[in-house]
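Report on one structure; see the data block that follows.
The values are calculated or read from the model by the stated rules, or taken from the named source; none is laboratory data. These figures come from a predicted structure and were not determined experimentally. Positions of Cβ are backbone-derived with ideal geometry, glycine not excepted, and every protein chain shown enters the neighbour counts. Only protein heavy atoms, including side chains, enter the accessible area calculation; ligands, DNA and RNA are left aside. Shrake-Rupley method; radii C 1.70, N 1.55, O 1.52, S 1.80 Å.
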Amino acid sequence: MKVIVDQNKCVASGQCVLSAPDVFDQREEDGIVVLLTEKPPDGLADDVRQAAALCPAQAIWVEEEEKKE
């Protein structure tokens, strides 16, 4: 999984931080999202997907990696 954030689209709602605080934070001065890790651990995958789904500005994308067999 790879997480991509478009800070220009962010409306500083904080939903991502509430859903996945180990992956997202907010800048102090304006509340805009800050991505803490582009490749979160597998244990946080569901939280990251939920954060992306809840983002009112649709500023978060999740790219799923294909499993190698």
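Worth a mention:
- Residue selected from the stretch 23-44 under the condition touching a residue at least 24 places away in the same chain (Cβ under 8 Å) and assigned to a loop (DSSP other than H, G, I, E, B), by the criterion farthest from Glu64 (Cα to Cα): Ile32
- Consider the stretch 18-55 and keep the residues that are farther than 18 Å from Asp6 by Cα and of a type in the set (Gly, Ala, Ser). The one that is least open to solvent (accessible area, probe 1.4 Å) is Ala45.
- Among the candidates Gln7, Gln58, the residue that is in contact with a strand residue (DSSP E or B) (Cβ under 7 Å, 6 or more places away or on another chain) and either open to solvent by 60 Å² or more (accessible area, probe 1.4 Å) or of a type in the set (Val, Ile, Thr) (or both) is uniquely Gln7.
- Contacts under 8 angstrom Cβ, first residue in the stretch 46-68 being of a type in the set (S, T, N, Q) and at pLDDT 95 or above, partner in a loop (DSSP other than H, G, I, E, B) and open to solvent by less than 20 Å² (accessible area, probe 1.4 Å), 6 or more apart: Gln50/Ala20
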